[in-house]
1. Quantify how strongly other chains surround peptide A:419-431 by giving the mean number of their Cβ atoms within 10 Å of each of its Cβ atoms.
2. If you bin the C-alpha pair distances of chain A every 10 Å from 0, what whole percents do you get?
3. So for A:199, A:421, A:335, fewest C-beta neighbours within 10 Å to most, what's the order?
4. Just rank A:165, B:44, A:343, A:324, fewest to most, by other beta-carbon atoms within 10 angstrom.
5. Report the FRET efficiency, 1/(1 + (r/R0)^6), for residue A:33 and residue A:524, where r is their Cβ-Cβ distance and R0 is 60 Å, rounded to 0.05.
6. Roughly how far apart, in whole Å, are the Cα centres of the stretch A:482-544 and the stretch A:284-305?
7. Mind checking B:71-84 for the average number of partner chain beta-carbons within 10 Å of each residue's beta-carbon?
8. What is the ratio of the Cα radius of gyration of the stretch A:226-289 to 2.2 N^0.38 Å, with N the residue count, to two decimals?
């Protein structure tokens, strides 16, 4: 993984010290709250429902064991012994104290981490495919471009005060495991007919109050030109994006207001001007320098078949069930990708205790895993496990309560912190996720339903990605009481689509029954091999509506 | 409907409520229910506490008295007063 050079290291250290001074000035009264608020937000510090919340950047969702140990240490010593992994592949601490935050930033700096650009109207922490470098058929490791863009966009003076926040995602596989098209800029590495690697760039995706999938702005941007192209997009947005209305300020609104053709024309004009100067052409040697940090692991030559793995599956049904859902093919024979579910039945999706983090770091050391990945689905991934060691891994995960066999199933629910923590939320998300998981906890029932993605947001800001859930749930405020709308038919994968609201919402007591009703309709209507989403797309909303609102 | 003045402490971020006799208190049970006129005056007065760096983000919310205890109208304020419903070991509810 990428290692800081002296400039990176100095930057994050100086940033921590700068924030120490800002906190001191706030506490002494030299800065008012109005003056201090944008400064704390630039360092990922929010004031939430019960306390301050610190959002820690995990660039493209990749962590080393020392970084994970540091997060465990910070959680234990500066928070309440846990953290919450988010749909942005970040980590949130929900109980920090203002005077402690500069120390936390210094602790993070020691392991090459920070909280910059996890808030504010700038280019946010980039996200990527959590299977990067491990997935079969991948064109290149998407994190190479992520790192280049991270360096380009960090404290970029022109793009530090955009009309609104700006999210960029990169993938390099046909399978989309990063919800690509819901980002402001979505970059998909592709090959042209000559076999050269370039980038298909989409613009204008986003959820929230006005959800859109991103539209294609460039079908094949050559590698050397990608920063120039991104800068062109940013300049068009920075100049023409609305600043008078927070709800209409994202680039998605601009793209859909002027149309993608006009957006392409404006981007092309800016791109031509930038190209004339030639300053943003990516030097191949610099790309190679950064790519070297993401060079493929030193994989051993292993046979495809692994008798001891097969024997372990035969001998242990629980392990076999975990393999079925949580283990995925690796590009190298004899290796596998292991998803560690942060969705134990009845627990908070995405929460991970300091003890669990320490346990995982020990597991990484034990199995020679240099990296662990955070997924936008609020799970973790060990990307390069030897198949022969999967049973031993699983045995170590069980006592940590990290061996839940539910990846991709109905209980693998995305849920934002919701009204249990978040100042913006209108309704709770976590208890709904917990109750649905308990209702469908039976493993046989889960497997019978197959792939089914439920995503829950506690407000229209959609941190829980409800628009792209096969079943989406949106919590709203109805005269001071929680109410929940159901959306069907969304997808954040390569078959991306936005779900549609089914009808009137349900109260806190009725929402889980309503979900069960929808599932029942699917079971009645499904054909052999059809996922929930397939059935919905074939039959439409009407049969679901008829059953749900029959009484 | 009566209202309660609330804010967060600057240093800890902790939720607090206004009581004219006791100042900023940490438990909702100790909060003072204010009439419209009292509420408006209390909110104006909170600016001074913000200035003194005691609290930030003061605002009013609706509440009523039930069995002698203030009860907020909105779920949000009930959760804010107690702590996360999914973690009874955290927040004010944890004691």
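1. Working: counts 8, 8, 7, 1, 4, 0, 2, 3, 2, 6, 1, 4, 3.
Average per residue, whole number: 4.
2. 4, 18, 28, 28, 17, 4, 0
3. The order, fewest Cβ neighbours first, is A:335, A:199, A:421.
4. B:44, A:324, A:165, A:343
5. Using R0 = 60 Å, I get an efficiency of 0.60.
6. 42 Å
7. Per residue, the average neighbour count from other chains is 5.
8. Its radius of gyration relative to the 2.2 N^0.38 Å reference: 1.30.
None of the figures in this text is laboratory data; all of them are computed from the coordinates on show. This structure is a prediction, so every number in the text was calculated from the model and none was measured. Glycine gets a Cβ as well: all are built from the backbone with ideal geometry, and neighbour counts include every protein chain shown.
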